[in-house]
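What follows is calculated from the coordinates using simple rules that are stated; it is not laboratory data. Nothing here was measured: the structure is a model prediction, and the numbers come from that model. Cβ sites come from the backbone with ideal geometry, for glycine too, and all protein chains shown count toward neighbours.
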Amino acid sequence: MLCIECWVSPGTYADRGLPFYRYPAELVAVSTGVFEGQQCLMTPRTRSQWRAMHTTAANDGVGLQICWAFRSADQQAKLIRDQLAWGGKLDYLLTWIAAPGYSEHHTGRALDLDSFPPAEKFEDTPAFDWLCNNTWKFGFKLSYPIGNDSGFIYEPWHWCYQDIIENTALHQSCEVRKI
Ligand SMILES: [Zn+2]
């Protein structure tokens, strides 16, 4: 079996300043706005903020859904192994799938979002525009905007709830995508 950990130098991630994420103390299931049949876990506070944001978006005529929330390190490794089995190259995969331990999804605060109904190119949808203008009110931040220096590609779908809501800072960070 392929050992992902053998292929990834922890030093590389440390050099990039990427934190090693630990699991949260508590995870709860969520059914609001979840892709059909998907089991979705997140922290209690993330769930309450997601519910509020989902409802507000719906009232504005915008449909949102979650494709992924919490992922364990084992699930993260499986994701990479599956992509490798389909012919993916590890160096490229690691620009959009973090190595186990380094995914924000381990925190239970990161959500991969899509519009509802799903869109082919999420960043071109009214749902994405709505998120860029409104997520700061609920404490969510685009983790990997255009030109981010994490080593990950631009991920318009990936939003992370910040435990401390710093509205101004979050709002500014959304503007980065427009540079
Ligand atoms: Zn993500």
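Remark: F70, F35 ranked as F35, F70, counting other beta-carbon atoms within 10 Å and listing the fewest first.
Distances between placed amide hydrogens fall under 5 Å for Y144 paired with E155, all partners being 5 or more residues away or on another chain. Annotation for the stretch 85-141: GluC sites (Glu not before Pro) lying in DSSP loop with at most 14 further Cβ atoms inside 10 Å of their Cβ are E120. Dipole check for the stretch 1-115: with +1 at the C-beta of Lys and Arg, -1 at the C-beta of Asp and Glu, and the Cα centre as origin, the magnitude is about 220 Debye. Considering only C40, Y102, L27, and ranking their Cα positions along the charge dipole of the stretch 15-141 that arises from unit charges at the beta-carbon of Lys, Arg, Asp and Glu, the one farthest toward the positive end is L27.
The modelled label-to-label distance for the pair A14/T95, using points 7 Å beyond Cα in the direction of Cβ, is 2.6 nm.
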